[in-house]
1. Quick one: count up the residues across the range 1-24 that are at pLDDT below 95 and of a type in the set (Lys, Arg).
2. Suppose we filter the range 145-164 for residues that are buried (at least 19 other Cβ atoms within 10 Å of the Cβ) and touching a helix residue (DSSP H, G or I) at 6+ places or on another chain (Cβ under 6 Å); how many remain?
3. When you scan the range 42-100, how many residues do you find that are over 18 Å from Ile22 (Cα atoms), among the polar types (S, T, N, Q) and loosely packed, with under 13 Cβ neighbours inside 10 Å?
4. In this structure, does Arg7 turn out to be within 19 Å of Arg159 (Cα to Cα), surrounded by fewer than 21 Cβ atoms within 10 Å (Cβ to Cβ), touching a residue at least 40 places away in the same chain (Cβ under 8 Å) and of a type in the set (Lys, Arg)?
5. Run down Ile98, Ile130 and say which single residue is of a type in the set (Val, Ile, Thr), closer than 25 Å to Ala38 by Cα and in contact (Cβ under 8 Å) with a residue 60 or more places away in the chain.
6. State the number of residues belonging to the range 205-223 that are farther than 22 Å from Pro34 by Cβ and either assigned to a loop (DSSP other than H, G, I, E, B) or in contact with a Leu (Cβ under 7 Å, 6 or more places away or on another chain) (or both).
7. In the range 183-218, what residues are over 22 Å from Ile92 (Cα atoms), out of contact with any helix residue (DSSP H, G or I) (no Cβ under 6 Å at 6 or more places or on another chain), open to solvent by 60 Å² or more (accessible area, probe 1.4 Å) and among the small types (Gly, Ala, Ser)?
8. For the range 1-92, please list each of the strands (runs of 3 or more DSSP E) lying entirely inside it that holds at least 2 residues being closer than 25 Å to Val140 by Cβ and among the hydrophobic types (A, V, I, L, M, F, W, C).
Amino acid sequence: MASGRERREILIATIADLLDGIRHVAVGASSPIPAAGAMLLRARNERDGKPPIRISILGSQQHNFFTNGGVELFDCAAQGRVDAFFLGGGQIDGHGNINLVGTGAYPKTGVRWPGSFGSAYLYHLVPRVILFREDHSRRVFVPAVDFVSAAASTPEVARRGGPHALLTNMALFDFDRRAGFSLRSVHPGYSPADIRANTGFDYREPQTVPTTAAPDAETLALLRGRIMGELSETYPAFARAMMEAA
């Protein structure tokens, strides 16, 4: 089983791969792993002579050209100038719907979460939305969410945005508007049976499930050097914990 730092490095490197080819990625608050993945892609593109990418991290001074937070992010998304974004949820179902409000019958929810904010808006406008949750459990991945904060796009409704992939601490899934989720790979230390046992919705699974690739030595050098240095401006505690785990 990989260490805590190694597991998170796999997530960061996987996010960089999922973002490949985008021009502008926005990252919400309290999202150090998605932010590090975006920074890793930016560094790789610079190293390899590929087109630069713009990163907007809400709450950052150095990695954010917005001056009015979410308002400008929403404007950029509406204008088609945000290529990728990250969303999570207290619940996510097999249709790609997410719940950020709480559990139980609304409005009498037994457990309340922070709320939907702009999730419904961004979900339908940003072409490459990556769903991200480190907690892979049947409590999170349910057959149907109790409240739809943001509905996934369907074949019947043409929208620019929608879920592109789902990444958890255990596995990576692709998403198709007609067929739902399909298991792409399982992270080191887990098996396809572990994923099935901890997922409350059904999904497609190939006959042979690959193992998610671990970052190579050059990527690890970038992650443990430049990327953690850049990340420390916005997420000092996370960057420090990653570096101290060496």
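The values are calculated or read from the model by the stated rules, or taken from the named source; none is laboratory data. Predicted model only: the values in this text are computed from it and were never measured. As a convention, Cβ positions derive from the backbone with ideal geometry for all residues, glycine included, and neighbour counts pool all protein chains shown. Keep in mind that these areas ignore ligands, DNA and RNA; they rest on the heavy atoms of the full protein, side chains included. Shrake-Rupley method; radii C 1.70, N 1.55, O 1.52, S 1.80 Å.
1. Counting residues in the range 1-24 that are at pLDDT below 95 and of a type in the set (Lys, Arg) gives 1.
2. Selection size over the range 145-164: 3.
3. Adding up the residues that qualify gives 4.
4. For Arg7, the condition - within 19 Å of Arg159 (Cα to Cα), surrounded by fewer than 21 Cβ atoms within 10 Å (Cβ to Cβ), touching a residue at least 40 places away in the same chain (Cβ under 8 Å) and of a type in the set (Lys, Arg) - is not met.
5. From the options Ile98, Ile130, the qualifying one is Ile130.
6. 6
7. Ala213, Ala217
8. Qualifying strands (runs of 3 or more DSSP E): 24-27, 84-87.
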